[in-house]
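Sharing a structure with you now.
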Amino acid sequence: MLLQILAGHVDATQLVALLIGLVLGISVHEFAHAAAATWLGDPTPGRQGRLTLAPAAHLDVMGSLMFLVGGFGWGKPVQYNPYALRASPRAGPAIVSAAGPVSNVILAVIVAVVIRLLPLVLGVFEFPFGVMDTLFDLLVYIVYYNLILSFFNLIPVFPLDGFAILQGLLPPARADAFEGARQYGFFILLLLLFAGSSVLGAFLYRPAIMLTRLLVGAGF
């Protein structure tokens, strides 16, 4: 992604959408984690100021840079006590982890609904040539980037949400065995980054494009 920006292959609309999608998507994502943990009975996220949509509380420098470099990223992890949740030590973290990716899909759906309503709401107004097209493209890319954020975090590799989700779904014995993969998470993420679009495209970019087209209807 960064190389595309430097080479001029990403236009201004895409770049603005990337930044907005990054800030908005990560803020909603991490807030959803905090809200889920709080809903399950742990006051830790609230005490640490994570029950907010303010970007400053959730953006992680490395995760944001990774979004620019590799086209995916993450926010500052929400801390919580799994033993304080009104759920088992496996089910509780799985629910909290799932809240993040689900929130990005919900946000993408909401923005897609706005896109579909734009012609009806703004059609009665006259705008300078190209303004409506630019607004449409901006919103479509926000949908796309939020789906990317959701799908990436569903990958079952620590420290991504998919790791805890899969652990919560596996039988106890297999979940305990899967715990051993935690220590290799960072190296697996590096391999995914250097593998590029050839690997990520199959389960990240192409599904996000397909779902974006389904939600928006056209124009992507």
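Tell me the label-point distance for the pair residue 86, residue 39, using the 7 Å Cα-to-Cβ offset, in nm and rounded to one decimal.
1.2
So, one more: Fewest Cβ neighbours within 10 Å first, please rank 178, 187, 163 accordingly.
On the way: 178 15, 187 10, 163 23.
The fewest-first ordering by Cβ neighbours comes to 187, 178, 163.
Using a simple spin-label model with points 7 Å from Cα along the Cα→Cβ vector, what separation in nm is obtained for residue 61 and residue 132?
Here the answer is 4.5 nm between the modelled labels.
Suppose R0 equals 22 Å; then what is the FRET efficiency for residue 182 and residue 51 from their Cβ-Cβ distance, rounded to the nearest 0.05?
On the way: r = 27 Å, r/R0 = 1.23.
So, using R0 = 22 Å, E works out to roughly 0.20.
The numbers here are math on the coordinates, done by the rules we state, and not lab data. Fair warning: this is a prediction, and the values are worked out from it, not measured in the lab. Don't worry about glycine lacking a Cβ; one is built from the backbone with ideal geometry, like all the others, and counts go over all protein chains shown.
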